[in-house]
Amino acid sequence: MANDLPTVCVEERIKAGDFTAELVTYRWRGGGYVQMRPSAFTIFMRFPEKDEDQSSDSTWRIGEHKPAKVGICNVSPSGVSVEVNVPPGLRRAVSCSCEDETFARIAGVSPTWFDVDFPTKFILHSERPRRMLGAIGRELKTPGFGREVAIEGYMLILLTEFGRVVRGGSQEASTGRLSAGQVKRLLEYIEENIDGNLGMMELANQVGISVRSLSRLFKASVGVTIRDYVAFARIQRVQTLLRETKLPLKTIAHRAGLKNGNYLSAAFSRQHGLSPSEYRAQWK
């Protein structure tokens, strides 16, 4: 893989509220993929002149996923390795970025969530992303009155649209299941936060879907409801702590995200047919 970075000329850069917008010219040398790692959520669009070919001429590889052809727009998540292969030549582009906290607050999607198939679907969902980015590019190219306010407004619309498309379903709607990456993300999140609240909204936000979709798609993908899975995972944590520690039930309940020792005992007995103390005695 070549890593011959393009020559970059930033024509204009402004801060608009929580967003940074840039109009940039790249001279791509070609010869392979160029690797980048954006430090913030970024949405990007080629800003072609009227007579320039606007066809899909670039290939993006995000994280460990397979390379994919994209159109003139794309989305890059924060902190994820992105490799881009663009034919040699001069390209002008407009990009807008924001911190993870801003992205999550406006789009209503966890910044750790990312589905490699989604950016293209987002761009193809409607003309609005291209219209908003085009308007931002024109404000950068030919500044008008109150352009910072205008650019901030365009970006607010963009991220709102992002959140709407996520909640409307993307790949999940056609397959009726969560992707393997989404399942992995949910199971890891549950394991890492088993001592917390693990509310349905919080879990849904981890994979960028609605609570209603999460309930349906998780069961279709895993075979049990997500509530039942969380309850099972909590008891699994209790089992581990009973076997490996001498902690009192009150402490174990807290570390497993259960209300108290009495609740733990009742839940454990229902699932295993014996009390926590009886279970622990088997491992002495």
Original post:
Among the listed residues Arg177, Arg167, which satisfies the condition of being over 14 Å from the mean Cα position of the chain (by Cα) and either modelled with pLDDT under 90 or not hydrophobic (A, V, I, L, M, F, W, C) (or both)?
Top reply: Arg177
**OP:** Report yes if Arg212 is within 30 Å of Phe162 (Cβ to Cβ) and basic (Lys, Arg), otherwise no.
**Re:** yes
**OP:** Within region 212-229, work out how many residues are out of contact with any helix residue (DSSP H, G or I) (no Cβ under 6 Å at 6 or more places or on another chain) and within 17 Å of Leu187 (Cα to Cα).
**Re:** 11
Subject >> Unmet requirement for Gly71, which otherwise passes all of (1) among the small types (Gly, Ala, Ser); (2) modelled with pLDDT of 65 or more; (3) within 16 Å of Leu133 (Cβ to Cβ) >> reply: (2)
Original post:
Here is a list of conditions, (1) touching a strand residue (DSSP E or B) at 6+ places or on another chain (Cβ under 6 Å); (2) at pLDDT 80 or above; (3) small (Gly, Ala, Ser), and Ser76 meets all of them except one; can you say which number that is?
Top reply: (2)
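Which residues, taken from region 241-284, are within 32 Å of the chain's Cα centre (by Cα) and surrounded by 13 or more Cβ atoms within 10 Å (Cβ to Cβ)?
The first filter runs over region 241-284 and keeps only residues within 32 Å of the chain's Cα centre (by Cα), leaving 253-259.
Correct list: Ala253, His254, Arg255, Ala256, Gly257, Leu258.
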Original post:
If you go through region 247-266 one residue at a time, do you hit one that is in a loop (DSSP other than H, G, I, E, B) and over 17 Å from Asn197 (Cα atoms)?
Top reply: yes
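The values are calculated or read from the model by the stated rules, or taken from the named source; none is laboratory data. What you are looking at is a predicted structure, and each value in this text was computed from that prediction instead of being measured. Don't worry about glycine lacking a Cβ; one is built from the backbone with ideal geometry, like all the others, and counts go over all protein chains shown.
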